Every structure is written in C-alpha cells, then in structure tokens.
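Following: one structure in structure tokens, then a few remarks.
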Amino acid sequence: MNLSIIIPLYNEENIICKTIQKVLDVQMPTFVETVEIIIVDDCSTDRSNSVVTAFIANKPNIKFLKHAVNKGKGAAVRTGITDSSGDVFLIQDADLELSPVDIPLMVETMYELNVGFINGSRYLPGVYRPLSSYRRYLFNKLFTLMTSVLINVRLTDMACGYKLFTRELYNKLHLKENRFGFEAELIIKAMRIRKNNIAEVPVRYFPRNEGEGKKLKNIDGLRIFKTIFKYGVLKLN
C-alpha cells in the first residue's frame, strides 16, 4: 500500500505544525510501503502559509500546494489527490479535531477486510471522547440517517472528516462538491457503485467551537442537505 495523506488547510497557523508532526509520528503497519503528506492551503489569510513553509523545510515526502483563491475543502482534497502518487488516500483535517493515532486502525481495517472505503465514526463505541455540541450531533444523525436510507447502508457518522479510500474507487466517482457537502457526495457516490465496500471504525474526536476556529457554520448544514438531495434522491452524477 502506498498512502497519500491529504491535509486541506485554511487559517490554522496555531495548530497546523502540530498536526503535521503528529502525522509524521504515526507508526504505520508494515504493509504500508510509502507515505506522503500533501498539504493544500486554500488561500489562508493568516500566517499558515509561512509557518508551514518553514516547518516542512528539509522534511522529505511532504508537498505544499496553494490555492490562489479560496475554493473549499472538497476542492482542496481534489487538488491534493491530483498531485499525489499513492494508491490509497486519507483525508486529515488540519485542526486536530481528529487524532492521527487512529490512522493505523483505519489502514489495517481496509487491508484486512479488503474494502475500498473506510469511514471514521465519532459515535461508535471503543474510544473515549469529550462531549460535543448536541445540536451538531442531532443534525449529523439526521443527515446520516437520510444518507443511510438512500444508499441502503447503515452508517453512524456520515460527516466525519476521516475518510480513507482507494485511488481505484476515487477515479470512478467524478467528485464535484467544493465545500462541506464533499463528504456526503463522496459516500453516496461510492456506495452507489458497491454497497458492501465500506467499513466504519471508531475514532477519537476533540471538538472545537467557533471561537476556537471551528470552520463548519450553520449554513453549511443546508449545503450538506442539498448535497444529499442532489446525489441521493436525484442521483446526479
């Protein structure tokens, strides 16, 4: 397995270097032959660009790409994949709400079950987590239930940022969503291809609020709903 870890970045000057270091510190399973990290700065307006440039100097297997204009998380992920060399992709959010210590479990599960998609879940039992916003939890459960019914696959956390998937699967999806609807489009299209090709694993979750830099806003919930309707009900490609 050749793993490409894609890190979409937007205004995370205070934590991005810690995120990169924690990813570098992960001990991958022996069957992972190569690991590359691709950071995509989605036109940050803070010092993210300069702190990353300084931090990754002389560090091998790290690429730093930049958007000239802000396009959104989905667009940043696609940019990273386009410039990647791996046959498996992992999305790692820059904010450390999700811990890189869970990456080996995701990779091992994909390898052992021989599936093309691993979805992280913040709600499966198995790890301890701080309590998070109840309203966000309810909206996520609603969106997850809608998605599960539409694709006939029982999910527990459609919106979790941790997604691991193969290049072979990705090449069949033709993803279009640029912003936070990206996760819904990815899962729905993937499961339309093959329903028994996904597994979920429990992951740690350390939620932030808007004052701490949380990027997801209430309006993004409407965008996610629209995405589920487009690809789950209308079945657009």
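Observations
- Residues of region 19-35 that are surrounded by fewer than 14 Cβ atoms within 10 Å (Cβ to Cβ) and part of a helix (DSSP H, G or I): Gln21, Asp25.
- Residue in region 155-168 that is open to solvent by 20 Å² or more (accessible area, probe 1.4 Å), in contact (Cβ under 8 Å) with a residue 24 or more places away in the chain, touching a helix residue (DSSP H, G or I) at 6+ places or on another chain (Cβ under 9 Å) and among the polar types (S, T, N, Q) present: yes
- Some residue of region 208-221 being open to solvent by less than 20 Å² (accessible area, probe 1.4 Å) and at pLDDT 85 or above: no
- Taking every residue in region 19-33 that is free of Cβ contacts under 8 Å to residues at least 24 places away in the same chain and farther than 17 Å from Met110 by Cβ and pairing it with any residue that is in a loop (DSSP other than H, G, I, E, B) and open to solvent by 20 Å² or more (accessible area, probe 1.4 Å), at least 6 positions away or on another chain, yields no pair with a Cβ-Cβ distance below 9 Å.
- Residues of region 50-72 that are under 28 Å from Arg179 (Cβ atoms), in a helix (DSSP H, G or I) and not β-branched (Val, Ile, Thr): Ser50, Phe55.
- Just one of the listed residues (Ile38, Ile62, Ile7, Ile56) is under 22 Å from Phe117 (Cα atoms), free of Cβ contacts under 8 Å to residues at least 60 places away in the same chain, open to solvent by less than 40 Å² (accessible area, probe 1.4 Å) and in contact with a strand residue (DSSP E or B) (Cβ under 6 Å, 6 or more places away or on another chain), and it is Ile38.
- Region 65-82, subset in contact (Cβ under 8 Å) with a residue 40 or more places away in the chain and touching a Ser or Thr at 6+ places or on another chain (Cβ under 9 Å), residue most open to solvent (accessible area, probe 1.4 Å): Lys71
- Failed item, numbered, when Asp95 is tested on (1) under 24 Å from Lys189 (Cα atoms); (2) open to solvent by less than 50 Å² (accessible area, probe 1.4 Å); (3) touching a residue at least 60 places away in the same chain (Cβ under 8 Å): (1)
- Filtered residues of region 40-88 (kept if in contact with a Lys or Arg (Cβ under 7 Å, 6 or more places away or on another chain) and of a type in the set (Asp, Glu)): Asp41, Asp42, Asp83, Asp87
- Out of Thr109, Thr144, sole residue that is at pLDDT 95 or above and surrounded by 15 or more Cβ atoms within 10 Å (Cβ to Cβ): Thr109
The values are calculated or read from the model by the stated rules, or taken from the named source; none is laboratory data. Just so we're clear, the structure is a prediction, and the values are computed from it rather than from any experiment. No Cβ is skipped: glycine too gets one built from the backbone with ideal geometry, and neighbour counts run over all protein chains shown. These accessible areas exclude ligands, DNA and RNA; they are computed on the full protein's heavy atoms, side chains included. Shrake-Rupley method; radii C 1.70, N 1.55, O 1.52, S 1.80 Å.
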